[in-house]
1. Among residues belonging to segment A:61-95 that are in contact (Cβ under 8 Å) with a residue 60 or more places away in the chain and within 14 Å of chain B (Cβ to nearest Cβ), point out the one that is farthest from A:Arg122 (Cα to Cα).
2. Has segment B:286-303 got at least one residue that is under 28 Å from A:Glu113 (Cα atoms) and either touching a strand residue (DSSP E or B) at 6+ places or on another chain (Cβ under 9 Å) or within 14 Å of chain A (Cβ to nearest Cβ) (or both)?
3. Within segment B:195-212, is there a residue that is in contact with a Phe, Trp or Tyr (Cβ under 6 Å, 6 or more places away or on another chain) and within 25 Å of B:Ile106 (Cα to Cα)?
4. Looking at segment A:49-67, can you tell me whether even one residue there is in a strand (DSSP E or B) and over 17 Å from A:Pro171 (Cα atoms)?
5. Do we have any residue at all in segment B:31-43 that's in contact (Cβ under 8 Å) with a residue 60 or more places away in the chain, part of a helix (DSSP H, G or I) and more than 18 Å from B:Leu345 (Cβ to Cβ)?
6. Can you spot a residue in segment B:327-345 that is closer than 18 Å to B:Met297 by Cα, assigned to a helix (DSSP H, G or I) and within 14 Å of chain A (Cβ to nearest Cβ)?
7. Among the residues of segment A:72-81, is any under 30 Å from B:Ala12 (Cβ atoms) and hydrophobic (A, V, I, L, M, F, W, C)?
8. Just to be sure before I move on: is B:Met238 in contact with a His (Cβ under 9 Å, 6 or more places away or on another chain) and either surrounded by fewer than 16 Cβ atoms within 10 Å (Cβ to Cβ) or not basic (Lys, Arg) (or both) in the structure I sent?
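The values are calculated or read from the model by the stated rules, or taken from the named source; none is laboratory data. From a predicted model like this one, the values you see are computed outputs, not experimental measurements. Cβ sites come from the backbone with ideal geometry, for glycine too, and all protein chains shown count toward neighbours.
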Amino acid sequence: MSAADQTEPVVLLELARASRVYGRGDGTVVAMSDVDVKVRAGEFVTIVGPSGSGKSTCLNILGCLDLPTSGNYLLAGQDMAQIKAEQRAVIRRDNIGFVLQNPNLIARMSALENVALPLVYRGLGRTERRLRAHAALEAVGLGNRVGHRPDELSGGQQQRVAIARAIVAQPRILIADEPTGALDTVTSAGVVNLLLELNRTMRLTVVLVTHDQSVAGRAPRLCVFRDGRLVSDETGRRRFHAC
Amino acid sequence: MLVETIRLAFEALGRNALRSTLTGLGILIGVGAVIAMITIGQGASQNVRNEIAKLGSELLTVSVGQQKRGGQGVSLAAAAFDYADVEAVRSEIRGLRHVAPLSSKIGRITARNANWNARIIGTENAYFQARGWNLAVGRLFAEAEMYNGKPVCLIGETVRQRLFGSGLGAGELVRVAGIACPVIGVLQARGQTGAAEDDDNVIAVPFDMYQRRIQGSTDIQSIVMAAYPTANMDRLKMTLSGLIRERRGLGAADPDDFTILDMRQVAQSMMAATRTLTLFLGAIAAVSLVVGGIGIMNIMLVSVTERTREIGVRLTIGALPSQIRLQFLCEAVILTLAGGLLGILGGLGTAAAAAPHLAIPFVLDPVVVAVTIAISTVLGIGFGFAPAARAASLDPVEALRHV
């Protein structure tokens with residue numbers, strides 16, 4: 001780590017008065033309204049809120065899958081609205097890993113092939129892909145399951161494969177949209193532990209959306225959404241008073 | 001990356017092997033039909049070219065009488081040519097290599113115990129030279145034989161077969177109109193020329209002898225000429241026509257009472273006709289190719305819809321829209337190219353099998369094959385573009401919600 005990391009980490013993600021409105025004319029729905037948030041490199045941010053509160057919308061924007069209809073979204077200082085879709089896809093590819101509620105593994109491929117898939121789109125050779133995918137599966141504790149197909153793995157294991165796939169290309173940011181939503185409590189805890197560990201050991205910036213109170217309770221920084229607005233953003237010890 | 005994309009495309013096509021095969025079959029049939037039609041058409045063109053070459057494309061014939069439109073009828077009122085006309089053409093028209101008088105009639109010829117009906121022609125050696133007609137055995141007329149009425153003859157291949165069977169023919173005697181003529185040579189077989197009459201069923205005697213002893217007059221029915229290949233045929237025909245009109249004393253208002261037949265013109269119109277036919281057949285076949293292309297587009301669209309969720313996953317984990325587009329284009333091109341290559345083989349096979357039945361040569365044109373491969377690729381890109389663009393433009397968030 002360089003000396004710069006010892007001081008204040010850089011702002012990696014920044015939403016400035018960002019809103020997202022769906023539809024036009026009379027039938028508009030405001031999914032997210034005037035959200036200001038900054039995420040620094042290496043942070044672990046958890047977003048909670050009831051259904052329809054705008055947290056997934058916020059996450060899609062942070063993940064460069066969507067754009068705010070007003071306001072700005074800056075990734076590493078670059079305004080995403082100012083660049084073309086293909087360029088945005090490149091930035092997404094090079095910076096962001098996704099873990100979704102459903103692992104979305106490709107059923108006909110082994111765990112290793114699934115994990116190696118993002119590397120195909122980065123133009124890596126076969127041997128390099130296999131090595132990296134192996135390492136990523138080791139990192140999520142599935143080094144002994146590389147040849148298994150998704151249907152031969154448990155739900156928790158599948159989600160670990162999805163996490164391995166999200167980190168295999170060594171992104172700076174991991175976006176996780178309710179990754180424990182389909183898992184039981186014990187398995188959930190394991191997945192969250194894994195994310196916390198990756199955040200700690202790999203200095204991976206994590207933005208996690210969850211419904212799960214037990215998951216939210218362990219978050220170093222908690223953002224609460226309600227009716228499309230960010231109503232609370234607490235870091236460290238102070239946030240327990242907010243909950 | 002491209003290798004990987006192609007591998008992925010093959011894998012995707014392989015998962016729906018039957019569907020891919022049937023889709024490719026549409027292209028196979030289309031390409032096969034186009035290739036077969038064009039190859040057969042080219043064979044027909046080649047056939048025409050061969051026949052024209054046999055007749056001699058620099059050949060001009062002036063005949064007595066105006067040919068009636070659409071028929072072979074000749075107005076009998078027109079006077080025949082005489083040898084002075086031949087001499088005049090020979091000395092006054094530039095650009096002619098060979099000029100020969102020609103008179104003929106169908107008559108009975110006999111040899112030993114065989115007899116046969118053949119076209120008896122009276123002409124000079126220049127006639128055979130004009131037509132590029134060589135001897136299989138023997139020699140042409142000697143100078144003396146041409147002008148002293150001495151009875152000798154040259155026979156065509158059909159006549160040789162009919163009268164002498166497996167015999168050589170040369171040195172035998174053939175009686176023409178009761179006159180015994182020694183066979184001094186046998187003409188090379190011309191083969192069928194597409195004309196109604198068999199060119200090889202001919203017996204040629206010296207012009208002088210024909211006039212004196214067979215025809216009994218100095219009339220000449222036609223003058224056969226060969227121009228130099230570099231000659232301007234149109235101008236040549238004009239001066240020729242002018243000369244003959246003048247010699248026949250035709251006034252400015254009088255219509256021609258003779259006909260100039262230009263083999264090059266005939267050749268051109270025949271070539272144009274076969275070319276039109278080839279294009280026409282090719283165009284009909286191309287319709288099936290377009291239908292095949294639409295089949296590809298249809299299946300690719302189905303495939304994009306089926307794989308919406310997978311596309312969403314791929315986009316989310318780092319595939320660029322351009323990479324997704326390339327993958328679907330690749331699948332479409334593989335389908336059309338595979339169908340196209342097999343179609344080329346099928347089409348050429350069909351044309352090769354059909355050629356002998358249609359009595360045309362089988363012409364393998366590498367240009368047509370290359371163009372067809374190019375068209376298959378373009379077709380794949382063309383019809384694959386819309387589905388590929390649709391796949392690439394999918395919103396990853398929406399695509400992931402797709403069930």
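1. A:Leu62
2. no
3. Yes.
4. Filtering segment A:49-67 down to residues in a strand (DSSP E or B) leaves none.
So far as segment A:49-67 goes, no, none of its residues is in a strand (DSSP E or B) and over 17 Å from A:Pro171 (Cα atoms).
5. Taking segment B:31-43 and keeping what is in contact (Cβ under 8 Å) with a residue 60 or more places away in the chain, we get B:31-43.
Filter once more, keeping what is part of a helix (DSSP H, G or I): B:31-43.
Now drop any that are not more than 18 Å from B:Leu345 (Cβ to Cβ), which leaves B:41.
Looking for residues that are in contact (Cβ under 8 Å) with a residue 60 or more places away in the chain, part of a helix (DSSP H, G or I) and more than 18 Å from B:Leu345 (Cβ to Cβ), one finds at least one in segment B:31-43, hence yes.
6. Keep residues of segment B:327-345 that are closer than 18 Å to B:Met297 by Cα, which gives B:327-340.
Checking the rest, the ones that are also assigned to a helix (DSSP H, G or I) come to B:327-340.
So of that shortlist, the ones also within 14 Å of chain A (Cβ to nearest Cβ) come out as B:327, B:330.
Yes, segment B:327-345 contains a residue that is closer than 18 Å to B:Met297 by Cα, assigned to a helix (DSSP H, G or I) and within 14 Å of chain A (Cβ to nearest Cβ).
7. No - not one qualifying residue is present in segment A:72-81.
8. Spelling it out, it is not the case that B:Met238 is in contact with a His (Cβ under 9 Å, 6 or more places away or on another chain) and either surrounded by fewer than 16 Cβ atoms within 10 Å (Cβ to Cβ) or not basic (Lys, Arg) (or both).
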